[in-house]
1. Sum -39500 (n - 2.57) across every DSSP H segment of at least 4 residues in the chain, then divide by the residue count to get the 222 nm mean residue ellipticity, nearest 500.
2. Kindly express, to the nearest 10 degrees and within the range 0 to 90, the angle between helix 355-368's C-alpha long axis and the longest C-alpha principal axis of the chain.
3. May I ask for the net charge around His108, where only other residues with Cβ less than 14 Å from the Cβ of His108 are counted and Lys, Arg are +1 while Asp, Glu are -1?
4. Kindly flag which residue pairs out of Lys79/Lys147; Lys13/Lys80; Lys96/Lys332; Lys96/Lys504; Lys403/Lys499; Lys14/Lys68 have an alpha-carbon separation exceeding 28 Å in this structure.
5. Less than 16 Å from a label point 7 Å out along the Cα-to-Cβ axis of Thr110: which backbone N atoms in segment 129-165 qualify, by residue?
6. Roughly how many debye, to the nearest 20, is the charge dipole of segment 433-496 about its Cα centre, given +1 on each Lys and Arg Cβ, -1 on each Asp and Glu Cβ, and no other charges?
7. Within a 10 angstrom radius of the beta carbon, how do Glu319, Glu474 rank from fewest other beta carbons to most?
8. Hey, with R₀ at 60 Å, roughly what FRET efficiency would Asn156 and Glu214 work out to, going by the Cβ-Cβ distance, to 0.05?
Amino acid sequence: MSQSTANRQNKIKKIVIVGGGTAGWMTASALSKILGSNYCDIQLIESDQISTVSVGEATIPQISLFNKILGIDENDFVKKTQGSFKLGIEFIDWTKKGGGYMHPFGDHGTNMDAIQFHHYWLKMHQQGKGPDLEEYSLAAVAARQGKFMRPQNRGNSPLSQINYAFHFDATLYAKYLRDFSVERGVTRTEGKVVNVSVRDSDGFIDSVYLENGERVAADLFIDCSGFKALLIEGALKTGFDDWSDVLPCDRAVAMPCMPKEADVLHPYTQAKAQKAGWIWRIPLQHRVGNGYVYPSKFVSDEEAVKILTEQMEGEPIGEPNFLRWTTGVRKKSWNKNCIAIGLSAGFVEPLESTGLHLIQSSIAKLMALFPHQGFDQIDIDTYNQQTKTELEYIKDFIVLHYKATDRDDSEFWRDCQQMKVSDRLQAKMDLYQKNGRIYREDNELFNETSWLAVMHGQGLTPSGYHPLVDVLSEEEIERRLQHIYSVIQKSVETMPMQKDFIDKYCKA
């Protein structure tokens, strides 16, 4: 038998996805689009009785790539999900009460003579000259003014480089992707998985049983059952690495409200630090998503609802939705013939809107390492190694927000200051605090721009700067910085308000 015949006979013939929600339907839509309708059967099992973790979602710019792969029309998608656009995240009260900064999508300034822009800015800033870092970011300046447009074809203007993401209603997004998937041949089965059958011979999952007695067999199982992790943990007992020691928040309560009348629709997510934990604000077209992420050690559920409702700008819509989790990661996201995607694979709180990105990234890795029925261990090990590394880098980036703070007004923040962080994060902080140097490692998710925005925003101050900055005279540096500053201010002046942009192109 030829190798190609063997491969064809050995191919995956049936994929079962357990769990709908965003993770399940993102996976189903990507698989159905990439594999086409003839490669294998794809079945998704979800139960209407089981509520999904569907709070208003905020994303990061990588989501555009996912939408492109699916070939979905962006205006249609924003309309159908009551969406809005996002140019960054504003952090309030994280370093001290009354302080705030923006983590923008997109660069600060422009690199000069092969040296990163921020080193030139640092030299002047250390002498008390020139405006704050975020004034050199188109995304930050536009976000604060409530403005938005898609990138324009304008040569080397900053308007050619607009990086953006979305806010949307997660329930509507899952429904949008469900319609997309079913149109492309995915079978949706309404039902609740009550039992999982594992083969004695090799420990692989053989089939799942539904409440109505139906047995569903497959070659490959994808666990999108959320925090329950029915397959990867329930059936396969894969194990979990707990990260609560550095990420102390283990609860959230979510509650949308009506927006203030005639308010500017700001194109950014807000994260406002509290005495313990923080509150998010996600502006959509029809409502504002609010939630409070908190540590149960310091805040009770009742207190959390009180703190959240007191800070909401409008009448709450519906009852509070409580979420509970343990921060950390599955010891293996791919075990035997089961891959956990979404919350079942692990959870690093929503502070930097990485939830959907991690689903997308898992799908990309699955496509790159797509198995045949033989399930080669080297593919599985590679997937697990990459997943773990990616999550560890994201963890470090999120921990930075808690660790680098001057807040000592509560036991929570004092604990955060004392927290022992990973050697890698400590090295990044030390390297920056010496001479402002930042490196992106192992293709980690957050690039130099993000690390710079947060380290500067959280109050880390370098004592020096890159020595080669001194090749240029101070007058020349000042002239160039002034030029960049005015180009950004002028560019933002030409941008429409986000509200007007949405009214014109993608109003729900």
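Read-outs: derived from the displayed coordinates by stated rules, not from any lab. Just so it is clear, the model here is predicted, and its values are computed rather than measured. Reconstructed Cβ throughout: ideal geometry from the backbone, glycine too, with neighbour counts over all protein chains shown.
1. That comes out to -11000 deg cm²/dmol.
2. Helix 355-368 and the main axis of the chain meet at about 60 degrees.
3. For residues surrounding His108, the net value is -4.
4. From Lys79/Lys147; Lys13/Lys80; Lys96/Lys332; Lys96/Lys504; Lys403/Lys499; Lys14/Lys68, over 28 Å: Lys13/Lys80; Lys96/Lys332; Lys96/Lys504; Lys403/Lys499.
5. The answer is 136-139, 152-163, whose backbone nitrogens lie closer than 16 Å to the label point.
6. Dipole magnitude for segment 433-496 comes out near 100 debye.
7. Glu319, Glu474
8. Efficiency computed from Cβ-Cβ geometry: 0.50.
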